[in-house]
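The values are calculated or read from the model by the stated rules, or taken from the named source; none is laboratory data. Quantities reported herein were computed from a predicted structural model and do not represent experimental measurements. Cβ: placed from backbone, ideal geometry, glycine included. Neighbour counts: every protein chain shown.
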Amino acid sequence: MKVVILAGGFGTRIGEETVLKPKPMVEIGGYPILWHIMKIFSKQGFNDFIICAGYKQHVIKEFFADYFLHTADVTFDFTEARSNVVVHHAKTEPWKVTVVDTGYATMTGGRVKRIKEYIGNDSFLLTYGDGVADIDVNSLVKFHNNHGKTVTISAYNAEQRFGVLDISEEGCVREMREKAQGDGGLINIGFMVCNPNLLDYIEGDDVMLEKEPLSALAARGELVARRHDGFWQCMDTIREMKSLEKLWSEGKAPWKIWED
């Protein structure tokens, strides 16, 4: 199953960190948060990635183009009037990475629509390029396959800065709406499983995934939520970036489910 990661946004609320690079390339522990997200999936057997790039998409492409050198010791030998490069102790990942330029200002739904040719007719995983979690992806996929609906989203009880999900006891999403005073707080954190017909609900570049498509699916009873009670954190602000960096530097990063 392919993993689609939305990585094309501007990240304006994280300030100067995104002047020269897109938000998914902001580093935690010396590696882009995009890399952390991919490691979460890879540890659980999902190694085929489609990156929906946009703003400064060349930075993402160049990172993977040089990834082999980033993770190895390298000797550059110019002593015989030619360049001889020797790579030592290379660390490789079992990844296939397709980076797609989905447009500079395309909305999240439009970015998914633009990668239709790379998805084909198979179900796929979909998440945002700025959030990490200790989520059990295989259990999520099994849950999705068992209920047979179009989309499964992961729901998390967080501070009310985001839109709110109204979920029935059976797990069906009855409504997606903006937050209101007194809301208890389940939000969509990404880590979704989608059937390919999701793309039928996306008309073009101006469509936000979180609005028309998912709202339409909720109205049809085709959107199901699976609650995640573990760790999740997005990196939407400088404060959140520093919080994730602190967890990583102290060896307390709950999303680090892989070994060095």
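Restricting segment 75-93 to residues that are part of a loop (DSSP other than H, G, I, E, B) and of a type outside the set (Gly, Ala, Ser), the residue that is nearest to Asn47 (Cα to Cα) is Glu93. Checked against (1) surrounded by 14 or more Cβ atoms within 10 Å (Cβ to Cβ); (2) modelled with pLDDT under 95; (3) closer than 16 Å to Gly110 by Cα; (4) in contact with a Gly (Cβ under 7 Å, 6 or more places away or on another chain), Gly204 passes all but condition (1).
Only one entry of Asp130, Asp77, Asp73, Asp122 meets the criterion of being under 16 Å from the mean Cα position of the chain (by Cα) and of a type in the set (Asp, Glu), and that entry is Asp130. Criterion first (in a helix (DSSP H, G or I) and over 13 Å from the mean Cα position of the chain (by Cα)) does Lys61 satisfy it? It is true that Lys61 is in a helix (DSSP H, G or I) and over 13 Å from the mean Cα position of the chain (by Cα). For Lys113, the conditions (1) surrounded by 10 or more Cβ atoms within 10 Å (Cβ to Cβ); (2) at positive phi all hold with the exception of (2). Looking only at residues of segment 132-174 that are assigned to a strand (DSSP E or B), of a type outside the set (A, V, I, L, M) and closer than 14 Å to Val224 by Cα, we find that the one that is modelled with the lowest pLDDT is Asp166.
Looking across Ile28, Ile60, one residue alone is buried (at least 20 other Cβ atoms within 10 Å of the Cβ), farther than 28 Å from Val207 by Cα and among the hydrophobic types (A, V, I, L, M, F, W, C). It is Ile28.
Taking first residues from segment 35-56 that are within 14 Å of Val137 (Cα to Cα) and partners that are at pLDDT below 95 and among the charged types (D, E, K, R), the Cβ contacts under 8 Å between residues at least 6 apart in sequence or on separate chains come to Met38/Glu93; Ser42/Glu93; Asn47/Glu93. Is it true that some residue in segment 212-220 is more than 18 Å from Ile5 (Cβ to Cβ), in contact with a helix residue (DSSP H, G or I) (Cβ under 6 Å, 6 or more places away or on another chain) and among the small types (Gly, Ala, Ser)? Checked against the condition, which is being more than 18 Å from Ile5 (Cβ to Cβ), in contact with a helix residue (DSSP H, G or I) (Cβ under 6 Å, 6 or more places away or on another chain) and among the small types (Gly, Ala, Ser), segment 212-220 yields at least one hit.
Pairing each residue of segment 240-256 that is assigned to a loop (DSSP other than H, G, I, E, B) with any residue that is of a type in the set (Lys, Arg) and at pLDDT 95 or above, provided the two are 6+ apart or on different chains, yields C-beta distances under 9 Å for Lys252/Lys246; Trp255/Lys39; Lys256/Lys39. The residue list Asp48, Asp101, Asp73, Asp66 contains one member that is surrounded by fewer than 20 Cβ atoms within 10 Å (Cβ to Cβ) and in contact with a helix residue (DSSP H, G or I) (Cβ under 7 Å, 6 or more places away or on another chain), which is Asp101.
Condition check ((1) hydroxyl-bearing (Ser, Thr, Tyr); (2) within 19 Å of the chain's Cα centre (by Cα); (3) at pLDDT 95 or above; (4) under 28 Å from Asp166 (Cβ atoms)) across all residues:
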{"residue": "Glu178", "(1), (2), (3), (4)": "no, no, no, yes"}
{"residue": "Ile187", "(1), (2), (3), (4)": "no, yes, no, yes"}
{"residue": "Asn197", "(1), (2), (3), (4)": "no, no, yes, yes"}
{"residue": "Pro213", "(1), (2), (3), (4)": "no, yes, yes, yes"}
{"residue": "Gly221", "(1), (2), (3), (4)": "no, no, yes, yes"}
{"residue": "Gln233", "(1), (2), (3), (4)": "no, yes, yes, yes"}
{"residue": "Thr237", "(1), (2), (3), (4)": "yes, yes, no, yes"}
{"residue": "Glu245", "(1), (2), (3), (4)": "no, yes, yes, no"}
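For beta carbons closer than 9 Å, sequence separation of 6+ or different chains, a first residue in segment 199-211 that is in a helix (DSSP H, G or I) and a second that is among the hydroxyl-bearing types (Ser, Thr, Tyr), the qualifying pairs are Tyr201/Thr150. Of the residues Asp66, Asp73, Asp77, only one is over 24 Å from Val151 (Cβ atoms), among the acidic types (Asp, Glu) and touching a His at 6+ places or on another chain (Cβ under 8 Å); which? Every option except Asp73 fails the conditions.
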